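Novice: Input: one structure, supplied below.
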Amino acid sequence: MSSQRYKLTLAYRGTRYYGWQFQTTSDTWKDAPLPGGELPTIQGTLAKALASVLCHDVNLVGSSRTDAGVHAKAQIAHLDTTMVQIPPDSLRRAVNHRLPEDILIRAIEPVPAEFNAILWTTSKRYQYHIWNAADRDPFNADLAFHRWQPMDVDRMRQAAKYLEGTHDFASFAKPGHGRESTVRTVFSCTVSARGPRVVIGVEGSGFLWNMVRIIAGTLIEVGIGRYAPGEIPAMLAAKHRRAAGQTAPAHGLYLQWIKSRPQAPVDV
């Protein structure tokens, strides 16, 4: 029976999940909310919903392994299925019906068999949301990091420019990241503000473990006056985690979008 590969575009609120990747209690966690020692993850929840519609297990491959508590507006994943008689949008609607309200498939489209959600990625953009006001926002406490100290957005923008380009980001990576090279290219690093909401945007070809959260934490500390914008080059040159600022909490981070290599349309 012939098989077809599909590309999925996903949105999710990561608050209740232990990140993207399937995990069990043997993977370092002590408590298992689900039977069999399984922890609630985006990949696991989505794979079960897909399997209930497709009537077979699926190997779901995600482009970005977002951490516990991190959100996504347009995560990319792929899977293979022999159930090619189901129209893609009908499949999307059927699976969404079985998903909890904090996970949504935005699109399903057929792609060539060689498409790979990880290997075909050309760039990603993350956003970090900060609620910069004296009082916290009780309606979005899990969706933005509350900082009560006034932040100087212009200083943060000056500092962000130093992070653009190709650099060794060892100072902005969590130890134990397991990568041979810590050199990465940041295409853009921006800071915008509207009312109490401040958003840091970082686009790059790829990121190290906690890299965007450390960038966000460092820019926040620039904003409240702990660092000067001109100290960023010295942080990069140090190539040591202690040289940069704190790691911002996961709940303010969003995977905004992922760009992949162009592919020819596929008829099914």
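The values are calculated or read from the model by the stated rules, or taken from the named source; none is laboratory data. Source: prediction; values computed, not measured. A quick note on method: Cβ atoms are made from the backbone with ideal geometry, for glycine too, and the neighbour counts reach across all protein chains shown.
Novice: Can you give me the number of residues within segment 202-233 that are among the small types (Gly, Ala, Ser), surrounded by fewer than 19 Cβ atoms within 10 Å (Cβ to Cβ) and farther than 24 Å from Gln75 by Cβ?
Specialist: The qualifying residues number 3.
Novice: Return the residue satisfying two criteria in turn: it lies in segment 104-141 and is closer than 30 Å to Arg5 by Cα and aromatic (Phe, Trp, Tyr), and of such residues it is farthest from the chain's Cα centre (by Cα).
Specialist: Once the filter is applied, the top-ranked residue is Phe115.
Per-residue answers, yes or no, for (1) small (Gly, Ala, Ser); (2) at pLDDT 95 or above; (3) assigned by TED's automatic domain parsing to the domain that holds Val70:
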{"site": "Arg197", "(1), (2), (3)": "no, yes, no"}
{"site": "Gly201", "(1), (2), (3)": "yes, yes, no"}
{"site": "Gly206", "(1), (2), (3)": "yes, no, no"}
{"site": "Val212", "(1), (2), (3)": "no, yes, no"}
{"site": "Ala216", "(1), (2), (3)": "yes, yes, no"}
{"site": "Ala228", "(1), (2), (3)": "yes, yes, no"}
{"site": "Ile232", "(1), (2), (3)": "no, yes, no"}
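Novice: Turning to a different aspect of this structure: Taking Glu221 as the residue in question, decide whether it is acidic (Asp, Glu), assigned by TED's automatic domain parsing to the domain that holds Gln127 and closer than 22 Å to Asp137 by Cβ.
Specialist: yes
Novice: Among all residue pairs at least 6 apart or on different chains, which show Cβ distances below 6 Å where the first residue, located in segment 134-160, is closer than 28 Å to Ala11 by Cα and the second is among the polar types (S, T, N, Q)?
Specialist: Short answer, once both residue conditions are applied: Asp142/Thr15; Arg147/Asn132.
Novice: Say whether the condition of being at pLDDT below 95 and in a loop (DSSP other than H, G, I, E, B) is met by at least one residue in segment 252-261.
Specialist: yes
Novice: Taking Leu236, is it closer than 26 Å to His78 by Cβ and either touching a residue at least 60 places away in the same chain (Cβ under 8 Å) or surrounded by fewer than 23 Cβ atoms within 10 Å (Cβ to Cβ) (or both)?
Specialist: Considered against the rule, which asks whether it is closer than 26 Å to His78 by Cβ and either touching a residue at least 60 places away in the same chain (Cβ under 8 Å) or surrounded by fewer than 23 Cβ atoms within 10 Å (Cβ to Cβ) (or both), Leu236 comes out as no.
Novice: For segment 154-169, what are the residues that are within 25 Å of Trp120 (Cα to Cα) and buried (at least 16 other Cβ atoms within 10 Å of the Cβ)?
Specialist: The answer is Leu163, Glu164, His167, Phe169.
Novice: Output the number of the condition that Thr66 fails; it satisfies all remaining conditions of (1) farther than 24 Å from Lys259 by Cβ; (2) assigned to a loop (DSSP other than H, G, I, E, B).
Specialist: Unmet condition: (1).
Novice: Here is a follow-up. With (1) surrounded by fewer than 17 Cβ atoms within 10 Å (Cβ to Cβ); (2) closer than 19 Å to Ala141 by Cβ as the list, and Arg242 as the residue in question, which single condition is left unmet?
Specialist: Failed condition: (2).
Novice: Say whether the condition of being assigned by TED's automatic domain parsing to the domain that holds Pro249, surrounded by fewer than 14 Cβ atoms within 10 Å (Cβ to Cβ), at pLDDT 95 or above and not hydroxyl-bearing (Ser, Thr, Tyr) is met by at least one residue in segment 172-181.
Specialist: No.
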